[in-house]
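Novice: Below: one structure in structure tokens.
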Amino acid sequence: MFDGSTFGVMHALVSYLLQPVIWLLLALTALAVIEVFTLLTERAIGLKRWRNSGEIYAFEALAERRIERTDFLTRIAPMLGLMGTLIPLGPGLSALGEGDLSILTTAMSVAFDTTVLGLLVGIIGFVVGRLRRRWYEQVLSSMEHSIQVAENQISGNTV
């Protein structure tokens, strides 16, 4: 069914994944930091401007894009953290069998670091996403209410 060469090819392919996984995880960490600053700016300035602009459709499009970005962080970062955990464990356990504890130590450090970083980015994405959903719903509700009040005033009805 499978021979040693098949496992060798698979091991080689997987070992080449560690570096891209780490780089992607670092990029997602930078994106998470940007998202936090964007969130704070939105709260301080952006949401008030959108509420007063009355541009519901443009705001909905922006909200959808930003929520998708945080959902992406929430889901992908922990997966990459898990990949970064599992990839170095193979060589680490192999080194343990050979008695080389320095390789095992390095592998375990990488494994734990990528797990923690992936979970941290996932947590940031989750919190930012939940806050955005709540704030965006409040702004949309306020915008819709303002439009309804204006329509009622035009038609002569009072609220």
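The values are calculated or read from the model by the stated rules, or taken from the named source; none is laboratory data. Just so we're clear, the structure is a prediction, and the values are computed from it rather than from any experiment. Cβ sites come from the backbone with ideal geometry, for glycine too, and all protein chains shown count toward neighbours. Calculation scope for accessible area: heavy atoms of the full protein, side chains included, ligands and nucleic acids excluded. Shrake-Rupley method; radii C 1.70, N 1.55, O 1.52, S 1.80 Å.
Novice: Identify, by number, the condition in (1) more than 20 Å from the chain's Cα centre (by Cα); (2) open to solvent by 90 Å² or more (accessible area, probe 1.4 Å) that Ser141 doesn't meet.
Specialist: It is condition (2) that Ser141 fails.
Novice: While we're on this one: Mind checking which residues of the range 149-159 are of a type in the set (A, V, I, L, M) and either in a helix (DSSP H, G or I) or in contact (Cβ under 8 Å) with a residue 24 or more places away in the chain (or both)?
Specialist: Val149, Ala150, Ile154
Novice: Quick one: is Ser146 open to solvent by 60 Å² or more (accessible area, probe 1.4 Å), assigned to a helix (DSSP H, G or I) and without any contact (Cβ under 8 Å) to a residue 24 or more places away in the chain?
Specialist: No: the conditions fail for Ser146.
Novice: Please enumerate the residues belonging to the range 103-137 that are open to solvent by 90 Å² or more (accessible area, probe 1.4 Å) and without any contact (Cβ under 8 Å) to a residue 12 or more places away in the chain.
Specialist: If the condition is that a residue be open to solvent by 90 Å² or more (accessible area, probe 1.4 Å) and without any contact (Cβ under 8 Å) to a residue 12 or more places away in the chain, then Ile123, Arg130, Arg134, Glu137 are the ones that fit.
Novice: Quick one: is Ile22 surrounded by fewer than 20 Cβ atoms within 10 Å (Cβ to Cβ), touching a helix residue (DSSP H, G or I) at 6+ places or on another chain (Cβ under 7 Å) and among the hydrophobic types (A, V, I, L, M, F, W, C)?
Specialist: Here the answer is yes, as Ile22 does meet what is asked.
Novice: Still on this structure, I have one more. Restricting the range 1-44 to residues that are under 18 Å from the mean Cα position of the chain (by Cα) and polar (S, T, N, Q), which is nearest to Ile124 (Cα to Cα)?
Specialist: The residue in question is Thr29.
Novice: From (1) closer than 27 Å to Tyr16 by Cα; (2) in contact with a Ser or Thr (Cβ under 7 Å, 6 or more places away or on another chain), pick out the condition that doesn't hold for Gly90.
Specialist: Of (1) closer than 27 Å to Tyr16 by Cα; (2) in contact with a Ser or Thr (Cβ under 7 Å, 6 or more places away or on another chain), only one is false for Gly90: (2).
Novice: Another question about this same structure. Could you grab me the full set of residues in the range 42-54 that are touching a residue at least 60 places away in the same chain (Cβ under 8 Å) and either of a type in the set (A, V, I, L, M, F, W, C) or surrounded by fewer than 19 Cβ atoms within 10 Å (Cβ to Cβ) (or both)?
Specialist: Arg43, Leu47, Trp50, Arg51, Gly54
Novice: Sticking with this one: For residues that are open to solvent by 20 Å² or more (accessible area, probe 1.4 Å), closer than 14 Å to Leu25 by Cα and not hydrophobic (A, V, I, L, M, F, W, C), tally how many sit in the range 67-94.
Specialist: Going through the range 67-94 one residue at a time, the tally reaches 4.
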